[in-house]
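The values are calculated or read from the model by the stated rules, or taken from the named source; none is laboratory data. All figures in this text were calculated on a predicted structure; none of them were measured in a lab. Here the Cβ positions follow ideal geometry from the backbone for every residue, glycine too, while neighbour counts run over all protein chains shown.
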Amino acid sequence: MASTASSETKDKPAPCITPSNLIECIQDGKAFADMRITVRMNNGVTVLDILGRLDSSTLTDAEGLLLRLIDEGETKIVVNFELLQYISSGGFRFLLLAARWLKEAGGSLRICAVSGNVREIFDISGFATLFDIFPDETSALARF
(Lines give C-alpha, C1' and ligand atoms only; values in the text may rest on other atoms or scores of the structure.)
Protein backbone atom coordinates (compact mmCIF):
# COMPACT_ATOMS: atom_id res chain seq x y z
CA MET A 1 0.00 0.00 0.00
CA ALA A 2 1.46 3.36 -0.95
CA SER A 3 1.43 6.26 1.47
CA THR A 4 -1.38 8.60 0.76
CA ALA A 5 -2.80 11.73 2.24
CA SER A 6 -6.34 12.87 1.67
CA SER A 7 -8.50 15.67 2.89
CA GLU A 8 -12.18 16.15 3.44
CA THR A 9 -14.22 19.10 2.28
CA LYS A 10 -17.67 20.18 3.38
CA ASP A 11 -19.19 18.88 0.14
CA LYS A 12 -17.64 15.44 -0.16
CA PRO A 13 -16.12 13.00 2.32
CA ALA A 14 -12.48 12.00 2.24
CA PRO A 15 -11.76 9.07 -0.08
CA CYS A 16 -10.18 7.20 2.83
CA ILE A 17 -11.45 4.30 4.84
CA THR A 18 -13.15 5.50 8.00
CA PRO A 19 -11.47 4.90 11.37
CA SER A 20 -14.14 2.35 12.30
CA ASN A 21 -13.49 0.37 9.10
CA LEU A 22 -9.75 0.53 9.70
CA ILE A 23 -10.20 -0.93 13.15
CA GLU A 24 -12.09 -3.81 11.54
CA CYS A 25 -9.20 -4.28 9.08
CA ILE A 26 -6.70 -4.40 11.93
CA GLN A 27 -8.89 -6.87 13.81
CA ASP A 28 -9.01 -9.02 10.67
CA GLY A 29 -5.21 -9.25 10.90
CA LYS A 30 -4.38 -7.22 7.80
CA ALA A 31 -1.02 -5.47 8.14
CA PHE A 32 -0.45 -1.94 6.97
CA ALA A 33 3.03 -1.51 5.54
CA ASP A 34 2.80 2.22 4.98
CA MET A 35 0.72 5.14 6.15
CA ARG A 36 -2.58 6.78 5.40
CA ILE A 37 -3.59 10.21 6.71
CA THR A 38 -7.14 11.45 6.78
CA VAL A 39 -7.64 15.18 7.35
CA ARG A 40 -10.90 16.38 8.86
CA MET A 41 -12.25 19.33 10.82
CA ASN A 42 -13.70 18.99 14.31
CA ASN A 43 -15.00 22.17 15.99
CA GLY A 44 -12.67 24.40 13.97
CA VAL A 45 -9.60 22.26 14.66
CA THR A 46 -7.79 20.27 11.98
CA VAL A 47 -7.49 16.59 12.93
CA LEU A 48 -4.99 14.28 11.26
CA ASP A 49 -5.87 10.60 11.68
CA ILE A 50 -2.69 8.64 11.00
CA LEU A 51 -2.93 4.96 10.18
CA GLY A 52 -0.02 2.59 9.83
CA ARG A 53 3.62 3.61 10.18
CA LEU A 54 5.21 7.00 10.72
CA ASP A 55 8.80 6.38 9.67
CA SER A 56 11.44 7.41 7.13
CA SER A 57 9.50 5.83 4.25
CA THR A 58 6.35 7.87 4.96
CA LEU A 59 7.72 11.18 6.27
CA THR A 60 7.81 13.02 2.96
CA ASP A 61 4.02 12.71 2.57
CA ALA A 62 3.34 13.67 6.19
CA GLU A 63 5.63 16.70 6.12
CA GLY A 64 4.27 17.89 2.79
CA LEU A 65 0.70 17.63 4.00
CA LEU A 66 1.44 19.49 7.23
CA LEU A 67 3.28 22.30 5.45
CA ARG A 68 0.38 22.66 3.01
CA LEU A 69 -2.11 22.87 5.89
CA ILE A 70 -0.04 25.52 7.67
CA ASP A 71 0.33 27.48 4.40
CA GLU A 72 -3.47 27.36 4.09
CA GLY A 73 -3.75 28.96 7.54
CA GLU A 74 -4.43 25.95 9.75
CA THR A 75 -2.81 26.57 13.13
CA LYS A 76 -4.74 24.30 15.50
CA ILE A 77 -3.86 20.69 14.74
CA VAL A 78 -4.59 17.45 16.58
CA VAL A 79 -2.70 14.34 15.49
CA ASN A 80 -4.80 11.29 16.34
CA PHE A 81 -2.63 8.19 16.76
CA GLU A 82 -5.46 5.77 17.56
CA LEU A 83 -4.56 3.68 14.50
CA LEU A 84 -0.81 4.27 14.42
CA GLN A 85 1.05 0.97 14.54
CA TYR A 86 4.67 2.16 14.61
CA ILE A 87 6.70 5.34 15.01
CA SER A 88 10.44 5.62 14.33
CA SER A 89 12.96 8.28 15.27
CA GLY A 90 12.06 9.90 11.95
CA GLY A 91 8.44 10.04 13.10
CA PHE A 92 9.52 11.84 16.27
CA ARG A 93 11.53 14.26 14.14
CA PHE A 94 8.35 14.96 12.16
CA LEU A 95 6.45 15.72 15.38
CA LEU A 96 9.20 18.07 16.59
CA LEU A 97 9.19 19.89 13.25
CA ALA A 98 5.39 20.04 13.24
CA ALA A 99 5.35 21.61 16.70
CA ARG A 100 8.03 24.13 15.67
CA TRP A 101 6.31 25.05 12.39
CA LEU A 102 2.98 25.51 14.12
CA LYS A 103 4.53 27.60 16.90
CA GLU A 104 6.18 29.83 14.29
CA ALA A 105 2.75 30.21 12.63
CA GLY A 106 1.15 31.18 15.96
CA GLY A 107 -0.50 27.80 16.48
CA SER A 108 -0.01 24.59 18.38
CA LEU A 109 -0.02 20.82 18.09
CA ARG A 110 -1.88 18.30 20.25
CA ILE A 111 -1.42 14.52 20.11
CA CYS A 112 -4.09 12.07 21.21
CA ALA A 113 -4.95 8.39 21.52
CA VAL A 114 -1.37 7.12 21.81
CA SER A 115 -1.50 3.55 23.07
CA GLY A 116 0.15 0.14 23.08
CA ASN A 117 3.69 -0.18 21.83
CA VAL A 118 3.58 3.32 20.31
CA ARG A 119 2.89 4.76 23.78
CA GLU A 120 5.70 2.63 25.18
CA ILE A 121 8.10 4.11 22.60
CA PHE A 122 6.96 7.64 23.54
CA ASP A 123 7.55 6.88 27.24
CA ILE A 124 10.92 5.11 26.92
CA SER A 125 12.34 7.73 24.56
CA GLY A 126 11.23 10.62 26.79
CA PHE A 127 9.19 12.18 23.99
CA ALA A 128 6.02 11.87 26.06
CA THR A 129 7.26 14.82 28.13
CA LEU A 130 7.85 17.03 25.08
CA PHE A 131 4.30 17.09 23.71
CA ASP A 132 0.77 17.75 24.88
CA ILE A 133 -0.60 14.19 24.76
CA PHE A 134 -4.24 13.48 25.55
CA PRO A 135 -6.04 10.17 26.08
CA ASP A 136 -8.64 10.91 23.39
CA GLU A 137 -9.61 13.42 20.73
CA THR A 138 -12.28 15.09 22.86
CA SER A 139 -9.71 15.92 25.55
CA ALA A 140 -7.25 17.28 23.00
CA LEU A 141 -9.88 19.48 21.36
CA ALA A 142 -10.97 20.88 24.71
CA ARG A 143 -7.48 22.33 25.27
CA PHE A 144 -7.70 24.72 22.31
Review point. Does any residue of the range 89-104 turn out to be within 15 Å of A140 (Cβ to Cβ) and touching a residue at least 60 places away in the same chain (Cβ under 8 Å)?
Key: no
**Study point:** Unmet requirement for T58, which otherwise passes all of (1) modelled with pLDDT of 95 or more; (2) in contact with a Ser or Thr (Cβ under 9 Å, 6 or more places away or on another chain)
**Key:** (1)
Practice item. Test G90 against the criterion of being outside any loop (DSSP other than H, G, I, E, B) and surrounded by fewer than 18 Cβ atoms within 10 Å (Cβ to Cβ), and give yes or no. Key: yes
**Study point:** Residue match in the range 73-92 (condition: at pLDDT 90 or above and among the acidic types (D, E))
**Key:** yes
Exercise for review: Output the residue which, of all residues in the range 51-68 that are within 16 Å of L96 (Cα to Cα), in contact with a Leu (Cβ under 9 Å, 6 or more places away or on another chain) and aliphatic (A, V, I, L, M), is surrounded by the fewest Cβ atoms within 10 Å (Cβ to Cβ).
Suggested key: L65
Revision key, fill the gap. Per the filter on the range 72-83, residues under 25 Å from E104 (Cβ atoms) and not aromatic (F, W, Y) are E72, G73, E74, T75, K76, I77, V78, V79, N80
Exercise for review: Go through the residues of the range 11-20 one by one and say whether even a single one is surrounded by 14 or more Cβ atoms within 10 Å (Cβ to Cβ), at pLDDT below 95 and under 12 Å from the mean Cα position of the chain (by Cα).
Suggested key: no
Practice item. Would you please list the contacts, defined by Cβ atoms under 9 Å and residues six or more apart or on different chains, that run from a residue in the range 130-141 that is over 18 Å from F94 (Cα atoms) and modelled with pLDDT of 95 or more to a residue that is among the hydroxyl-bearing types (S, T, Y) and surrounded by fewer than 18 Cβ atoms within 10 Å (Cβ to Cβ)? Key: P135/S115
